[in-house]
1. Which members of the range 238-261 meet the condition of being hydrophobic (A, V, I, L, M, F, W, C), surrounded by fewer than 23 Cβ atoms within 10 Å (Cβ to Cβ) and out of contact with any strand residue (DSSP E or B) (no Cβ under 8 Å at 6 or more places or on another chain)?
2. Of Ala178, Ala168, Ala234, which residue is within 30 Å of Gly74 (Cβ to Cβ) and aliphatic (A, V, I, L, M)?
3. Could you tell me which of the residues Asp87, Asp26, Asp75 is at pLDDT below 95, part of a loop (DSSP other than H, G, I, E, B) and within 24 Å of Phe141 (Cα to Cα)?
4. Exactly one condition in (1) at pLDDT below 95; (2) among the hydrophobic types (A, V, I, L, M, F, W, C); (3) in contact with a Cys (Cβ under 7 Å, 6 or more places away or on another chain) is false for Ile170; which is it?
5. Consider the range 191-205. How many of its residues are over 25 Å from Arg32 (Cβ atoms) and open to solvent by less than 50 Å² (accessible area, probe 1.4 Å)?
6. If I filter the range 53-70 down to residues being surrounded by fewer than 17 Cβ atoms within 10 Å (Cβ to Cβ) and in contact with a Phe, Trp or Tyr (Cβ under 7 Å, 6 or more places away or on another chain), which single residue comes out as farthest from Glu269 (Cα to Cα)?
7. Give Lys113, Lys96, Lys91 a once-over and let me know the one that is basic (Lys, Arg), surrounded by 16 or more Cβ atoms within 10 Å (Cβ to Cβ) and under 20 Å from Asn214 (Cβ atoms).
8. The conditions are (1) in a helix (DSSP H, G or I); (2) farther than 14 Å from Val29 by Cβ; (3) not hydroxyl-bearing (Ser, Thr, Tyr), and Val248 fails exactly one of them. Which is it?
Amino acid sequence: MPKKDNRKARPAERAALREVLRVGGDRPVDLRRFDPRAIPAGPADKAAGVAATAALADRLASLQERLYAASTAGDRRRILLVLQGTDTSGKGGTVKHVIGLFNPAGCRIKAFKAPTPEERDHPFLWRIEKALPQPGEIGIFDRSHYEDVLIARVRELVPRSRLGRRYAQINRFEQSLAEDGVTLVKVFLHISYERQRARLLERLDNPDKHWKFNAGDIEERSMWPAYQEAYELALERCSTDAAPWFIVPSDRKWYRDWAVSRLLLEHLEDIDPRYPKGDFDVEECRRQLLAT
């Protein structure tokens, strides 16, 4: 993802988007190398992007139904979409626009806020385990267990020695999920410092959006460099074969929505769930039904 506005990007059909956006390699992650306005693959402009996202709906819905149907015959596979990003990066908007392409009855959505007193009395992964999708479901986390190595690092909420151990704990946890049939799709919604300011100003300028604004957002914004470093460490240390990270340029909302939809489609196609075969005599049941 070079820092340029690539409006002639190749269609994602020519290269798996997950290979384009995946975090990997031996080099440390440096978010300054990733342009939040880039179009590294797929539709070249907003009109094409909106149309392309809509065109994915039928295929996504079909695969979701097959995934759920397969679970009724004992298939334990499911999807977990993890959304992380700074304030205004579009986690809620992604849930609204992307998950709207699915049947909500088969989705399990959880927005993680500051831990409750009960949650603080347990290991940090305890509340995550309680919110995991069941077989056949698509789970969506708006923030996640990564808050415990992000805000916990920036705000120094735990000793650094304990914080350092959490990366390995997360990797082991995600490996165990993968072994139990969970396909993790971890997405970092990458926006620019300037775009965050613009989106916060939009909330201030529109009284209907004041409920989304928190004065504390300004203080958090002052810690932008520290948060960028915390994200870089999480992306670098916790992008594994079992659960890789994907960096989605998110200054352009339409591209964000298309990219996350496309990533979900690619992973669902890899799972390739199948409708289970009936364990009854179809012709005999037809005969009996016609006789009623």
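The values are calculated or read from the model by the stated rules, or taken from the named source; none is laboratory data. What you see is a predicted model; the values in this text were computed from it and never measured. No Cβ is skipped: glycine too gets one built from the backbone with ideal geometry, and neighbour counts run over all protein chains shown. Side chains are part of the model used for accessible areas, which takes the heavy atoms of the whole protein and leaves out ligands, DNA and RNA. Shrake-Rupley method; radii C 1.70, N 1.55, O 1.52, S 1.80 Å.
1. Trp254
2. Working: Ala168 fails: within 30 Å of Gly74 (Cβ to Cβ); Ala234 fails: within 30 Å of Gly74 (Cβ to Cβ).
The unique qualifying residue is Ala178.
3. On the way: Asp26 fails: within 24 Å of Phe141 (Cα to Cα); Asp75 fails: at pLDDT below 95.
Of the residues listed, the single one that is at pLDDT below 95, part of a loop (DSSP other than H, G, I, E, B) and within 24 Å of Phe141 (Cα to Cα) is Asp87.
4. Unmet for Ile170, out of (1) at pLDDT below 95; (2) among the hydrophobic types (A, V, I, L, M, F, W, C); (3) in contact with a Cys (Cβ under 7 Å, 6 or more places away or on another chain): (1).
5. 1
6. Ala69
7. Every option except Lys91 fails the conditions.
8. (1)
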